[in-house]
Amino acid sequence: MPELPEVETTRRGIAPHVEGREIVEVIVRQGRLRVPVPDDFVDRLVGSRIGPLARRAKYLLIPLRPAETDTPGGRREDAGAAGVEVPSSGTLLWHLGMSGSLRIARLGELPKKHDHIDLVFDDGGLLRYHDPRRFGFVDWLAGGVEQDPRLARLGPEPLSDPFDGERLYRLSRGRRMAVKPFLMDNEVVVGVGNIYAAEALFLAGIDPRRAAGRISLERYERLAAAVREVLAAAITQGGTTLRDFVSGTGEPGYFKQRLNVYGRHGQACRRCGGELRLVTLGQRASVFCIECQH
DNA sequence: ATTTGACCCTGCATGC
DNA sequence: TGCATGCAGGGTCAAA
């Protein structure tokens, strides 16, 4: 489900409902995700207050600090006596995998199948994680987020300045792999998954099977512009809902209507009318127009 | 060093 | 109707 636009849509949707809230209860119904939910997850979170949400690649970052302390490193007076752990500052690293979604619900709304985790807030709202395939995960980071090995090696954000055609050109020299899996490599650029890689290559007129190392700088500049264009448009549309993606407030995304190639093999190219072809690249379905993409 | 394949898991569409 | 098969938005790891 979620590529960058869907994670960004989720972040924007849930932020107004979670930022500044205190977590008063955490319910883990199914902790066996791709990374198992840590044993001390509940203890660490209860009593924390949520700071401004961020996103890095397809990761949602949720900063937490102790709700009752005003000074960094301070201690709650009665904590020791009561034997209650005082939560410490940290960040939740949340990945939605293939089928995960986060949405806002109210206390009393019954969980459905595959609603694995609830964070319950002091205002009666809650953040509910749903993930049928359980390829997603949530982890708690104590230290610097950028030092985490999962984030340390990531390439630039596609909507940031360091991502451009020159970078694609430079990193692709000598690479024989097809350009589509190259574009989906998170060390090259983050957040470009199977849907938007196919769409960007169509917009740029590049055959997804072409060797990455045999594409000119000029064409990579077109590709970088196409990546930015398609991701920005998808964010504006609230992401792409293929099956069950919903924003943080339960709305589907409307970008599906704008897809030119993804999921349309056998249908007519919107530009030339030819039949769209399906090939497999890097074990991922790849649809393209043999007339419009070279 | 680069690239490929298996794997994590459930649900759905398809074909027999 | 049931059953087997293949495929799905992602990422990691081992092996070639």
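For the range A:8-36, give me each residue that is within 16 Å of DNA strand C (Cβ to nearest atom) and under 27 Å from A:ARG153 (Cβ atoms).
A:GLU8, A:THR9, A:THR10, A:ARG11, A:ARG32, A:LEU33, A:ARG34, A:VAL35, A:PRO36
Is it fair to say A:ARG271 is away from DNA strand B (no atom under 13 Å from the Cβ), surrounded by fewer than 19 Cβ atoms within 10 Å (Cβ to Cβ) and either touching a residue at least 12 places away in the same chain (Cβ under 8 Å) or not aromatic (Phe, Trp, Tyr) (or both)?
For A:ARG271, the condition - away from DNA strand B (no atom under 13 Å from the Cβ), surrounded by fewer than 19 Cβ atoms within 10 Å (Cβ to Cβ) and either touching a residue at least 12 places away in the same chain (Cβ under 8 Å) or not aromatic (Phe, Trp, Tyr) (or both) - is met.
What helices (runs of 4 or more DSSP H) lie completely within the range A:158-235 and have 2 or more residues being within 15 Å of DNA strand C (Cβ to nearest atom)?
In the range A:158-235, A:179-183, A:194-204 are the helices (runs of 4 or more DSSP H) which contain 2 or more residues that are within 15 Å of DNA strand C (Cβ to nearest atom).
Only one residue in A:GLY143, A:GLY155 is within 16 Å of DNA strand B (Cβ to nearest atom) and either over 28 Å from A:PRO252 (Cα atoms) or in a strand (DSSP E or B) (or both), so which one is that?
It is A:GLY155.
Being touching a residue at least 40 places away in the same chain (Cβ under 8 Å), within 18 Å of A:ALA178 (Cα to Cα), of a type outside the set (A, V, I, L, M, F, W, C) and in contact with a helix residue (DSSP H, G or I) (Cβ under 7 Å, 6 or more places away or on another chain) is true for just one of A:GLY238, A:GLY213. Which residue is that?
The unique qualifying residue is A:GLY213.
In the range A:223-255, which residue that is farther than 15 Å from A:ARG103 by Cα and aromatic (Phe, Trp, Tyr) is surrounded by the fewest Cβ atoms within 10 Å (Cβ to Cβ)?
A:TYR254
So which residues in the range A:181-199 are in contact with a strand residue (DSSP E or B) (Cβ under 8 Å, 6 or more places away or on another chain) and either within 11 Å of DNA strand B (Cβ to nearest atom) or of a type in the set (Val, Ile, Thr) (or both)?
A:PRO181, A:MET184, A:VAL190, A:ILE195 - these are the residues of the range A:181-199 that are in contact with a strand residue (DSSP E or B) (Cβ under 8 Å, 6 or more places away or on another chain) and either within 11 Å of DNA strand B (Cβ to nearest atom) or of a type in the set (Val, Ile, Thr) (or both).
Anything in the range A:1-18 that is away from DNA strand B (no atom under 16 Å from the Cβ), of a type in the set (A, V, I, L, M, F, W, C) and either out of contact with any Ser or Thr (no Cβ under 8 Å at 6 or more places or on another chain) or not in a helix (DSSP H, G or I) (or both)? List them, or say none.
A:LEU4, A:VAL7, A:ALA15, A:VAL18
Run down A:ARG49, A:ARG34, A:ARG21 and say which single residue is within 16 Å of DNA strand B (Cβ to nearest atom) and not assigned by TED's automatic domain parsing to the domain that holds A:VAL192.
The unique qualifying residue is A:ARG34.
Which count do you get for residues in the range A:250-281 that are among the basic types (Lys, Arg) and in contact with a Phe, Trp or Tyr (Cβ under 8 Å, 6 or more places away or on another chain)?
Count: 1.
The values are calculated or read from the model by the stated rules, or taken from the named source; none is laboratory data. Note that this is a predicted model, so its numbers are computed, not measured. Counting neighbours? That spans all protein chains shown, and the Cβs are built from the backbone with ideal geometry, glycine included.
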